Each structure stands twice: as structure tokens, then as C-alpha cells.
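Engineer: Please find one structure pasted underneath; my questions will follow.
The values are calculated or read from the model by the stated rules, or taken from the named source; none is laboratory data. These numbers come from a predicted model, not from an experiment. With ideal geometry, Cβ positions are generated from the backbone for all residues, glycine too; neighbour counts draw on all protein chains shown. Ligands, DNA and RNA are stripped out before the accessible areas are found, and what is left, the full protein with its side chains, is counted by its heavy atoms. Shrake-Rupley method; radii C 1.70, N 1.55, O 1.52, S 1.80 Å.
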Amino acid sequence: MATALSTAAPGQSVRSTERVVRAKRSTPFSYATLIIVSAVLCVPLVFVISIALSSDQTVNANTFTIIPREFHWENFTRVFGTELPMQRFLLNSVIISAGAVAGQVLSSGLVGYAFARLRAPGKNALFIIVIATMMIPSQITMIPQFLLFKELGWVNTYLPLIVPNFFSNAFNVFLVRQFVSRLPSEIDEAAMVDGLGFFGIYRRIMLPMLAPVLIAIGIFTLTATWGDFMGPLIYLNDESKMPLALGVQYITSTSQALQAPPWNLVMVGSILLTLPMILVYYLGQRYLYEMDISGGSAGVK
């Protein structure tokens with residue numbers, strides 16, 4: 001009888017815990033809290049849309065409202081009719097972001113896999129040094145990097161914004177290393193018995209299994225690069241090479257003297273800058289969860 005009770009207790013405890021968790025997740029108070037917080041967080045986005053749909057008269061009178069009262073959809077076509085090359089700005093953003101994403105995904109996967117699986121003296125100490133670089137503010141390396149790229153003749157080109165991504169960064173390496181470390185090492189051993197080397201194991205076996213974490217890295221990189229303002233501002237001089245994040249700021253210069261900047265067109269540019277990120281997160285959110293659930297780094301969701 002005691003044995004039966006002892007074996008039944010864990011199952012009962014698990015079932016009761018599951019019921020408690022379900023109860024906490026489905027209370028009306030939790031849903032009400034989520035709705036209120038979501039509504040508050042959506043207010044700035046609604047305000048941006050309201051300004052984007054405003055007329056020039058409303059802009060000059062500065063009589064904006066949070067809830068849209070005007071619906072001038074032609075503003076979304078007018079922004080491409082300004083003296084600024086908005087189409088080129090969009091294309092530049094795509095080129096820079098695609099190059100950065102490709103560099104981070106390729107390099108982070110290889111470096112993280114090497115730290116997780118390869119045996120080498122001092123590997124752990126080197127990994128600690130790599131992680132320690134996360135504590136260095138980017139402002140400290142800004143001037144040395146600019147001088148380096150200037151000596152290389154890369155200023156006013158896309159190279160300073162793309163090439164550094166092919167050397168990965170500490171955070172992405174950490175994500176891949178933690179992900180690979182939780183995968184069974186027997187997979188590698190079985191592949192070695194079949195005659196595969198490290199690159200063969202990575203390309204044929206590990207790479208498909210790393211899809212969630214690599215897609216997550218691509219999303220993180222795209223988010224940081226698509227809206228990057230400081231990097232293009234430092235390295236790009238020609239207007240034809242500027243991305244959309246920098247081009248939106250230039251829209252304010254299209255107004256005539258003593259006139260308010262065309263905030264409706266500026267907000268249209270901001271929406272064009274925001275919508276791709278919303279779409280990317282919507283399509284890639286399941287990979288962010290798979291990265292954690294299937295064995296990735298804890299706490300990253």
C-alpha cells in the first residue's frame with residue numbers, strides 16, 4: 001500500500017501542478033491585464049498612423065490627434081514623389097540588411113559549433129574572452145573602427161556595414177554554442193564512424209538542426225541592421241547609398257523655409273521602416289520559441 005501511494009504521489013503532484021498552471025494562465029484578470037498593456041503599447045503606433053494619414057493643413061496647424069480623423073492614403077505615394085530617392089533608400093536597406101544577416105548566420109553557426117564540439121587547449125578561456133567583449137560599449141570602438149575602415153578605403157561604401165558581420169558577435173556565438181551543447185554528442189560520434197569530418201558533420205547534420213537558432217539570429221540581426229541609424233551616418237556620405245533609416249530623417253529637409261517639416265511624410269517613412277520588422281517577427285516567432293524549447297539557451301524567447 002505504501003509503495004502504491006509513493007508511486008501515485010508524483011503523478012498526482014504533476015497533474016495538480018499542471019492544473020494550477022492552466023488556472024493561472026486562463027484567469028480573466030490575466031487576459032484583462034494583457035489587453036490593457038497591449039492597448040497602451042499600441043498607442044504610439046496608432047498615433048504614427050494618424051499623423052501619416054493627416055493632410056498638409058493639419059501638419060502646418062499642428063493639430064494632430066491619436067485617433068485618425070483624416071485618411072489621406074495618397075501620402076503613401078507622395079513620399080516616393082519627393083526630391084529624395086526613397087526607392088533607392090529602400091533598396092540600400094535591403095542590400096545592407098541581407099549582407100549583414102548572411103554574415104551573422106554563416107559565421108555564428110561555425111564559431112558556435114566549434115566552441116561546443118571541437119577539442120582544443122584553452123578553448124574555454126577563449127570563449128570567456130569572447131563573452132567578455134559583450135561588456136565593451138560600442139562607443140569605445142567607434143573611432144578605432146572608423147580609422148581602420150578609412151585606411152582600408154571603405155568609407156562611403158557598404159563594406160563597413162556588412163563585412164564586420166562575417167566575424168559574428170559574442171551574443172550570437174553564445175546562442176549557437178548553448179544550443180549545440182545540449183544536443184547529444186552521440187550524433188557526432190556516429191557521423192565520425194561513417195567517415196564525416198567536422199565540416200561534413202556541421203553541413204549535413206548540425207546545420208538542419210540549427211535552423212531555429214540561426215533563423216532567430218537572422219531576425220535579431222535584421223532588426224538591428226534595418227533600423228540602424230548611427231552606422232550609415234558615420235560611414236556613408238553619398239545620398240544614393242543611404243538606407244531608409246537615414247533617409248527618413250532627410251525627409252524633414254524637404255520643407256521650405258519657415259514651414260513645418262512634412263511630419264505626415266516622415267511618419268509614412270517610419271511606417272515603411274516598421275512594417276517589415278512586424279512582418280518578420282510575425283512569421284519568425286515560432287522559431288524564437290523553438291530555439292529555447294528544442295535545446296537552445298534558456299531564457300531567450
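Engineer: For Phe229, indicate whether it is more than 19 Å from Ser107 (Cα to Cα), modelled with pLDDT under 95 and touching a helix residue (DSSP H, G or I) at 6+ places or on another chain (Cβ under 8 Å). Can you show your working first?
Structural biologist: On the way: more than 19 Å from Ser107 (Cα to Cα): yes; modelled with pLDDT under 95: yes; touching a helix residue (DSSP H, G or I) at 6+ places or on another chain (Cβ under 8 Å): yes.
The answer is yes for Phe229.
Engineer: Further question: Given the criterion of a type in the set (Gly, Ala, Ser) and touching a Pro at 6+ places or on another chain (Cβ under 6 Å), identify the matching residue among Ser38, Ser93, Ser55, Ser107. Step through it out loud before you land on a result.
Structural biologist: Values: Ser38 fails: touching a Pro at 6+ places or on another chain (Cβ under 6 Å); Ser55 fails: touching a Pro at 6+ places or on another chain (Cβ under 6 Å); Ser107 fails: touching a Pro at 6+ places or on another chain (Cβ under 6 Å).
Only one candidate qualifies: Ser93.
Engineer: Under 7 Å by Cβ, and 6 or more places apart or on different chains, what pairs join a residue from the range 259-279 that is assigned to a helix (DSSP H, G or I) with one that is surrounded by fewer than 19 Cβ atoms within 10 Å (Cβ to Cβ) and hydroxyl-bearing (Ser, Thr, Tyr)?
Structural biologist: Leu265/Thr82; Val266/Thr252; Met277/Thr223
Engineer: I've got another one for you. Is it the case that the range 162-169 has a residue that's closer than 22 Å to Tyr287 by Cβ, in the same structural domain as Leu275 (by the TED database) and without any contact (Cβ under 8 Å) to a residue 24 or more places away in the chain?
Structural biologist: No: the range 162-169 contains no residue that is closer than 22 Å to Tyr287 by Cβ, in the same structural domain as Leu275 (by the TED database) and without any contact (Cβ under 8 Å) to a residue 24 or more places away in the chain.
Engineer: Determine which single condition Phe174 fails, assuming it passes every other condition in (1) open to solvent by less than 60 Å² (accessible area, probe 1.4 Å); (2) at pLDDT 90 or above; (3) farther than 30 Å from Val155 by Cα.
Structural biologist: The single condition Phe174 does not satisfy is (1).
Engineer: Okay, moving on. Filter the range 170-186 down to the residues that are in a loop (DSSP other than H, G, I, E, B) and not small (Gly, Ala, Ser) and list them by number. Please lay out each step first, then the result.
Structural biologist: Taking the range 170-186 as the starting set, the residues that turn out to be in a loop (DSSP other than H, G, I, E, B) are 182-185.
Once the filter is applied, which keeps residues that are in a loop (DSSP other than H, G, I, E, B) and not small (Gly, Ala, Ser), the range 170-186 yields Arg182, Leu183, Pro184.
Engineer: Also, quick follow-up: On the basis of being in contact (Cβ under 8 Å) with a residue 60 or more places away in the chain, closer than 30 Å to Ile187 by Cβ and assigned by the TED database to the domain that holds Arg204, does Tyr113 make the cut?
Structural biologist: So Tyr113 passes the test.
Engineer: Here is a further query. For the range 32-52, state whether one or more residues are under 33 Å from the mean Cα position of the chain (by Cα), farther than 30 Å from Thr77 by Cα, exposed (fewer than 10 other Cβ atoms within 10 Å of the Cβ) and modelled with pLDDT under 90.
Structural biologist: For the range 32-52, residues under 33 Å from the mean Cα position of the chain (by Cα), farther than 30 Å from Thr77 by Cα, exposed (fewer than 10 other Cβ atoms within 10 Å of the Cβ) and modelled with pLDDT under 90: absent.
Engineer: Before we move on, is Ala116 open to solvent by less than 40 Å² (accessible area, probe 1.4 Å), closer than 21 Å to Leu236 by Cα and assigned to a helix (DSSP H, G or I)?
Structural biologist: Details: open to solvent by less than 40 Å² (accessible area, probe 1.4 Å): yes; closer than 21 Å to Leu236 by Cα: no; assigned to a helix (DSSP H, G or I): yes.
Spelling it out, it is not the case that Ala116 is open to solvent by less than 40 Å² (accessible area, probe 1.4 Å), closer than 21 Å to Leu236 by Cα and assigned to a helix (DSSP H, G or I).
Engineer: Residue by residue through the range 78-102, note down the ones that are in contact with a Ser or Thr (Cβ under 7 Å, 6 or more places away or on another chain) and outside any loop (DSSP other than H, G, I, E, B). Spell out the reasoning first.
Structural biologist: Step one: of the range 78-102, the residues in contact with a Ser or Thr (Cβ under 7 Å, 6 or more places away or on another chain) are 82-85, 88, 96-97, 100-101.
If the condition is that a residue be in contact with a Ser or Thr (Cβ under 7 Å, 6 or more places away or on another chain) and outside any loop (DSSP other than H, G, I, E, B), then Arg88, Ile96, Ser97, Ala100, Val101 are the ones that fit.
Engineer: Now for a different question. Among the residues of the range 55-69, which ones are over 33 Å from the mean Cα position of the chain (by Cα) and surrounded by fewer than 16 Cβ atoms within 10 Å (Cβ to Cβ)? Working first, answer last.
Structural biologist: Our first condition is that a residue be over 33 Å from the mean Cα position of the chain (by Cα); within the range 55-69, this holds for 55-58, 60-63, 69.
Of everything in the range 55-69, those that are over 33 Å from the mean Cα position of the chain (by Cα) and surrounded by fewer than 16 Cβ atoms within 10 Å (Cβ to Cβ) turn out to be Ser55, Gln57, Asn60, Ala61, Asn62, Thr63, Arg69.
Engineer: Using beta carbons and a limit of 8 Å, which pairs, at least six apart or on different chains, have the first residue in the range 120-148 and over 22 Å from Leu159 (Cβ atoms) and modelled with pLDDT of 90 or more and the second one in a helix (DSSP H, G or I) and charged (D, E, K, R)?
Structural biologist: Phe127/Arg177
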